[in-house]
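Asks: Can you keep this structure in mind? I'll have questions shortly.
The values are calculated or read from the model by the stated rules, or taken from the named source; none is laboratory data. Predicted model only: the values in this text are computed from it and were never measured. Positions of Cβ are backbone-derived with ideal geometry, glycine not excepted, and every protein chain shown enters the neighbour counts. For accessibility, only protein heavy atoms count, side chains too; no ligands or nucleic acids. Shrake-Rupley method; radii C 1.70, N 1.55, O 1.52, S 1.80 Å.
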Amino acid sequence: MDKESMLRVGVISSTHGIRGEVKVYPTTDDVNRFKVLKEAYIDMGRELVPVKVTGCKFFKNMVILKFKDIDNINDVEKYKSHDLLVTREHAVPLEEGEYFIVDLIGLKVLTDEDEEFGELIDVMETGANDVYIVKQYSTGKEVLLPVIDQCVLDVNIEEGFVKVHIMDGLLD
């Protein structure tokens, strides 16, 4: 199992109760995806631990999961602060124009005049719209580009680029 091809859906923040349940902070846009989640992996650094999900509850902004054959708080303590991953085949299907952040990071950023501008190094989720964090090739500085139609013109994962229009004021 290649960790690089997997998607993070949450981070195990703590145990819940004494029967082996864990609290998960969701890092996915769709928390309801946990209701149908059957298989996942816990990223322990050097190894991925496969788990089967047998129970799901929601409490405030957390998801409480129960894993098969883990029935004791002592058995889940070691998973605290570790990522919960899924394979792409268990990922929530994307709508047209939606992308997994992991697929965007590292893309070349081209201007609308086909000049190489920089590399997309991260995506900031703001609520209103996402913001691409781009490291400029020429200066090494980070530029924040709002993911709006006037600014992001094309995203081509297959060919490895994002085409953008640098709006007035974004480089000041």
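Asks: Roughly how many nanometres apart are two label points built 7 Å out from the Cα toward the Cβ at Asp69 and Asn156?
Replies: 4.7
Asks: Relative contact order for segment 1-83: what percent, with Cα pairs under 8 Å and sequence separation of 6 or more?
Replies: It comes to 38 percent, rounded to a whole number.
Asks: Determine which aspartates and glutamates satisfy two conditions relative to Lys66: a Cα distance under 14 Å, and not lying fewer than 8 residues away in the same chain.
Replies: Counting by Cα, and skipping residues close in sequence, Lys66 has these aspartates and glutamates nearby: Glu21, Glu39, Asp75, Glu77.
Asks: Next question. Which whole-Hz couplings ³J(HN,Hα) result when phi for each residue of segment 153-158 is put into the Karplus expression 6.51 cos²θ - 1.76 cosθ + 1.60, θ = phi - 60°, listed in order with x for Gly and Pro?
Replies: Those phi angles translate into 8, 7, 10, 10, 4, 4 Hz.
Asks: In addition: Given H placed 1.01 Å from N in the peptide plane, which residues other than close sequence neighbours of Phe117 have an amide H under 5 Å from its amide H?
Replies: Counting only residues 5 or more places away or on other chains, the set is Val109, Leu110, Thr111.
Asks: Loop only by DSSP, 16 or fewer other Cβ within 10 Å of the Cβ. Give me the trypsin sites (Lys or Arg not before Pro) in segment 55-126 that pass, ordered by residue number.
Replies: Details: sites: Lys57, Lys60, Lys66, Lys68, Lys78, Lys80, Arg88, Lys108; in loops: Lys60, Lys68, Lys80.
Passing sites in segment 55-126 are Lys60, Lys68, Lys80.
Asks: In a shell of Cβ-Cβ distance under 14 Å around Ile73, excluding Ile73 itself, what net charge do Lys and Arg (+1) and Asp and Glu (-1) give?
Replies: Value of the local net charge: +1.
Asks: Counting GluC sites (Glu not before Pro) as exposed when in a DSSP loop with at most 14 other beta carbons within 10 Å, what is the longest stretch of the chain free of them?
Replies: Value returned for the longest uninterrupted segment is 48-94.
Asks: Report the far tail of the P(r) of the chain, meaning the percent of Cα-Cα pairs longer than 19 Å.
Replies: Tail of the P(r) past 19 Å holds 61 percent of the pairs.
Asks: Full extension from Met44 to His165: what is 0.36 nm times the residue separation minus their Cα-Cα distance, to one decimal in nm? The partial results should precede the final answer.
Replies: On the way: separation 121, 0.36 × 121 = 43.56 nm, distance 4.07 nm.
Residue separation times 0.36 nm, minus the Cα-Cα distance, leaves 39.5 nm.
Asks: Another question, if that's okay. Rolling a 1.4 Å sphere over the protein heavy atoms, what is the accessible area per residue of the chain, to the nearest Å²? Display every interim value, and only then the final one.
Replies: Numbers: 10550 Å² over 172 residues.
Dividing the accessible area of the chain by its residue count gives 61 Å².
Asks: Once you keep just the Cα pairs under 8 angstrom separated by 6 or more residues, what percentage relative contact order results for the chain?
Replies: Value for the chain: 18 percent.
Asks: Return P(r) of segment 30-89 (all Cα-Cα pairs; 10 Å bins starting at 0; whole %; ordered from short to long distances).
Replies: Histogram of Cα-Cα distances, whole percents per bin: 20, 58, 22, 0.
Asks: Would you mind checking the pairs Lys38/Lys80; Lys60/Lys108; Lys60/Lys163; Lys23/Lys108; Lys38/Lys60 and listing those with alpha carbons more than 27 angstrom apart?
Replies: Exceeds cut-off: Lys60/Lys108; Lys60/Lys163; Lys23/Lys108.
Asks: Given the DSSP H assignment, sum -39500 (n - 2.57) over each helix run of at least 4 residues in the chain and divide by its residue total; what's the result at 222 nm in deg cm²/dmol, nearest 500?
Replies: So the helix-based figure for the chain works out to -500 deg cm²/dmol.
Asks: Something else about it: Taking N as the number of residues in segment 60-157, what is its alpha-carbon radius of gyration divided by 2.2 N^0.38 Å?
Replies: 1.49
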